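See structure below.
Every number here is computed from the coordinates shown, using simple stated rules; none is lab data. Keep in mind it's a predicted model, so treat the numbers as computed, not measured. Methodologically, a virtual Cβ is constructed for each residue, glycine included, from the backbone with ideal geometry; neighbour enumeration extends over all protein chains shown.
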Amino acid sequence: MKCLYCGYEDSKVIDSRSADEGRTIRRRRECVRCGKRFTTYETIEDTPVLVVKANGTRQAFDAGKIKNGIVKACEKRPVSMSKIDEVVDNITKRVYNSMEQEISSKVIGEMVMEELKALDEVAYVRYASVYRSFTDISSFMAELQKMMENKK
């Protein structure tokens with residue numbers, strides 16, 4: 001790390017502490033040449049992930065939108081908010097761990113449905129009815145039949 005005072009490119013770390021709820025490391029450094037001390041901060045680099053929508057438009061990934069959809073699907077169901085937060089965290093981690101800069105909204109929708117299927121079947125069907133845009137009762141029944149067969 002380059003010294004703030006003399007520009008020398010070598011310093012030693014004297015003290016390191018966690019800051020910003022563990023998302024940042026604060027380091028006290030001392031220049032090897034002039035002996036002056038200075039502070040640096042090391043943070044996690046957030047690489048933005050863009051969601052490619054069905055119409056081709058792109059927008060920044062927003063876990064809040066996923067949470068809102070799941071909350072609506074779980075309305076009047078015995079699903080705690082902590083479980084919903086856990087599902088949202090799982091999906092968010094999967095999106096960022098994919099290391100892709102762009103991800104399809106369809107892929108995210110499938111992740112949500114996969115998580116909801118394990119969490120609550122009624123919430124899954126509610127979400128699927130909006131996500132898959134069931135146009136008639138027969139397409140809705142076909143999805144229910146698949147669920148019944150998989151359960152056996």
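What is the distance in Å between the Cα centres of segment 62-101 and segment 108-147?
Each part's Cα centre sits 16 Å from the other's.
Excluding Leu4 itself, what net charge comes from residues whose Cβ is under 10 Å from its Cβ, given Lys and Arg +1 and Asp and Glu -1?
Details: positive: Lys2, Arg29, Lys36, Arg37; negative: none.
Surrounding charge for Leu4 is +4.
Identify all aspartates and glutamates with a Cα-Cα distance to Lys76 below 12 Å; exclude those on the same chain that are fewer than 8 residues away in sequence.
Asp120
Between beta-carbons, use under 13 Å as the cut-off and find the net charge around Pro48, counting Lys and Arg +1, Asp and Glu -1. Numbers along the way, then the final one.
On the way: positive: Arg58; negative: Glu45, Asp46, Asp62, Glu100, Glu102.
Net of charged neighbours comes to -4.
Any aspartates and glutamates with Cα under 13 Å of the Lys2 Cα? List them, leaving off those in the same chain fewer than 8 positions away.
Qualifying aspartates and glutamates at Cα under 13 Å: Asp10, Glu30.
Angle, helix 121-131 long axis vs. longest principal axis of the chain, Cα atoms, 0 to 90°, nearest 10?
Here the helix axis deviates by roughly 90 degrees.
Can you tally the net charge around Met99? Count Lys and Arg as +1, Asp and Glu as -1, for every other residue whose Cβ sits under 15 Å from the Cβ of Met99.
Numbers: positive: Lys93, Arg94; negative: Glu45, Asp46, Glu100, Glu102.
The answer is -2.
Roughly what % of Cα-Cα distances in segment 42-105 sit above 16 Å, to the whole percent?
Values: 1065 of 2016 pairs.
So the portion of pairs separated by more than 16 Å is 53 percent.
Quick one: helix 63-73 against the long Cα principal axis of the chain, what's the angle to the nearest 10°, folded into 0 to 90?
For 63-73 against the chain, the angle is about 30 degrees.
Beyond 16 Å, how much of the Cα-Cα pair distribution for segment 1-83 remains, as a whole percent?
Numbers: 2399 of 3403 pairs.
Considering segment 1-83, 70 percent of its Cα-Cα pairs are separated by more than 16 Å.
Given the chain reduced to its alpha-carbon atoms as identical point scatterers, what log10 I(q)/I(0) does the Debye formula return at q = 0.10, 0.14, 0.17, 0.20 Å⁻¹?
Cα-only, vacuum Debye calculation for the chain: -0.55, -0.80, -1.00, -1.20.
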